[in-house]
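The values are calculated or read from the model by the stated rules, or taken from the named source; none is laboratory data. None of the values given here were measured: they were computed from a predicted structure. Positions of Cβ are backbone-derived with ideal geometry, glycine not excepted, and every protein chain shown enters the neighbour counts. Calculation scope for accessible area: heavy atoms of the full protein, side chains included, ligands and nucleic acids excluded. Shrake-Rupley method; radii C 1.70, N 1.55, O 1.52, S 1.80 Å.
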Amino acid sequence: VPMLSLPPTLTELDLGDAYTHPIPTNTALQKLSFGEHGEYNRTLDLPPTLIELSLSHLYNQPFEQTLLYTHLRTLTLGDKFNHPILPGTLPISLRYLRIGRNFNMPFVTGSLPVFLEKLHFDTYSRFDHPIGLATLPETLVELQFGHKSRFNSPIQWLPNSINVLQFGFKFQHVLPNIPLSTKFIYLSFRSRLKRTLLVDNLPEHMLRNTDR
C-alpha cells in the first residue's frame, strides 16, 4: 500500500522487503532503509533531510541529481546496483559509501565525493577496474574490499589519510605507496602481496589475516 504521508516527527523508517511504492518527500526523515531482500527499484525522490540511506537488494536505477540535493552522510548500495557513478552525482556531504556485489563500473575523477572517508566493497564484490590517480579522495581513511572479492587491478595512488586497507585473496598487485598514516592492512595469507610487503620490511603486526 503506498504511503501518502508520514508523521512530521518520524526520523527513522525501515520499509522491509516488499515495499515498492514512491516515498513521501514532505517528511523530516533522517534514516531510510529497506529489507535485506528488498524489491524497491524506483527512481529515487528523497526528502532533503535524509542523512542515511540503505537501498534495497534489487535497486538498480541510475542516479539522478536528486541525491545531490540531500545531506546524505551514509549510503549503502544493494547487490544489484550496477550503473556508472558520474562525477557530481553523489552529495559532497557523503562520508561512507558501501558498494554491493554486482557493481563493476570504473571510477573516474570526481566519481567519489571529495570528503568521503570510508569506501567499502561487498564480501563477494565483482568490481575489478584500475584505480587511477586522483580517483580516491584525499580524505579517505578506509579502503576495504571483501576477502572474497574479485578485485585484482592496479592502484596508482593511495591517499596519505589512509588508516585501514583490506584486499581479497585475488589481489596480487604491488601497492604504489604505503601512507604513513596506515595502521592495518588486511590480506589473505594466500596473497603474494603479503610476502612482498614483509620483504619490504613492513612491520608484521600491521598485517592482518582475512581468511575466515
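I want to confirm something. Restricting to segment 167-195 and keeping residues that are hydroxyl-bearing (Ser, Thr, Tyr) and in a loop (DSSP other than H, G, I, E, B), which single residue is farthest from the chain's Cα centre (by Cα)?
Looking only at segment 167-195, we keep the residues that are hydroxyl-bearing (Ser, Thr, Tyr), and these are 181-182, 186, 188, 191.
From what is left, the residues that are in a loop (DSSP other than H, G, I, E, B) are 181-182, 188, 191.
Working: SER181: 21, THR182: 19, SER188: 21, SER191: 23 Å.
Of everything passing the filter in segment 167-195, SER191 is farthest from the chain's Cα centre (by Cα).
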(request) For VAL114, work out the one condition from (1) modelled with pLDDT of 85 or more; (2) open to solvent by 10 Å² or more (accessible area, probe 1.4 Å); (3) β-branched (Val, Ile, Thr); (4) more than 17 Å from the chain's Cα centre (by Cα) it doesn't fulfil. (result) (4)
(message) Take the residues in segment 167-182 that are more than 22 Å from TYR124 (Cα to Cα) and modelled with pLDDT of 90 or more; name whichever of them is most open to solvent (accessible area, probe 1.4 Å).
(response) SER181
(request) Of the numbered conditions (1) within 30 Å of GLU36 (Cα to Cα); (2) in contact with a helix residue (DSSP H, G or I) (Cβ under 6 Å, 6 or more places away or on another chain), PHE169 fails exactly one; give the number of that condition. (result) (2)
(message) Just checking, does segment 158-166 include any residue being buried (at least 18 other Cβ atoms within 10 Å of the Cβ), assigned to a loop (DSSP other than H, G, I, E, B), free of Cβ contacts under 8 Å to residues at least 40 places away in the same chain and aliphatic (A, V, I, L, M)?
(response) yes
(message) Just to be sure I understand, how many residues within segment 3-17 are open to solvent by 80 Å² or more (accessible area, probe 1.4 Å) and of a type outside the set (Ser, Thr, Tyr)?
(response) 4
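Please go through segment 52-78 and pick out each residue that is more than 18 Å from ASP14 (Cα to Cα) and either part of a loop (DSSP other than H, G, I, E, B) or free of Cβ contacts under 8 Å to residues at least 12 places away in the same chain (or both). Show your work before the answer.
Keep residues of segment 52-78 that are more than 18 Å from ASP14 (Cα to Cα), which gives 60-71.
Correct list: ASN60, GLN61, PRO62, PHE63, GLU64, THR70, HIS71.
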(request) Evaluate segment 35-57: report whether one residue or more is open to solvent by 20 Å² or more (accessible area, probe 1.4 Å), modelled with pLDDT under 90 and aliphatic (A, V, I, L, M). (result) no
(message) Take the conditions buried (at least 17 other Cβ atoms within 10 Å of the Cβ) and within 28 Å of THR43 (Cα to Cα) and apply them to ARG150. Does it pass?
(response) no
